[in-house]
Amino acid sequence: MNKKSQWEDLPDLVTVSEVALYLRVAHATVYKMIRQKKFKAFQIGNNAKAIWRIPKSEIEKLIS
């Protein structure tokens with residue numbers, strides 16, 4: 001299976017790990033991009049264990 005079809009098979013909201021793998025960057029880079037508001041992302045929870053979700057459409061806009 002190629003990278004593009006793997007990406008298309010993911011749900012509409014993706015994790016930091018999935019974005020990092022797709023863009024071939026470190027997790028820290030994705031977090032930095034979130035802080036810099038390079039794309040829309042939202043946090044689930046409000047403590048140190050909160051997780052981020054990113055709409056796939058935001059990443060697709062970023063790379064197009």
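What do you reckon, is A26 among the small types (G, A, S) and touching a Ser or Thr at 6+ places or on another chain (Cβ under 9 Å)? Judged against the criteria, A26 is not a match. Scanning region 1-40 for residues that are out of contact with any His (no Cβ under 6 Å at 6 or more places or on another chain), among the aliphatic types (A, V, I, L, M) and open to solvent by less than 80 Å² (accessible area, probe 1.4 Å) returns L10, L13, V14, V19, L23, V25, A26, A28, V30, M33, I34. Taken across region 41-58, residues that are loosely packed, with under 13 Cβ neighbours inside 10 Å, basic (K, R), on the phi > 0 side of the Ramachandran plot and not in a helix (DSSP H, G or I) do not occur at all. Taken over region 9-40, the criterion of being of a type outside the set (A, V, I, L, M), in a helix (DSSP H, G or I) and either more than 12 Å from I59 (Cα to Cα) or touching a Cys at 6+ places or on another chain (Cβ under 6 Å) (or both) is satisfied by D9, S17, H27, T29, Y31, K32, R35.
The values are calculated or read from the model by the stated rules, or taken from the named source; none is laboratory data. It should be emphasised that the depicted structure is a prediction, and the values quoted were computed from it without experimental measurement. As a convention, Cβ positions derive from the backbone with ideal geometry for all residues, glycine included, and neighbour counts pool all protein chains shown. Note: areas computed on protein heavy atoms with side chains; ligands, DNA, RNA excluded. Shrake-Rupley method; radii C 1.70, N 1.55, O 1.52, S 1.80 Å.
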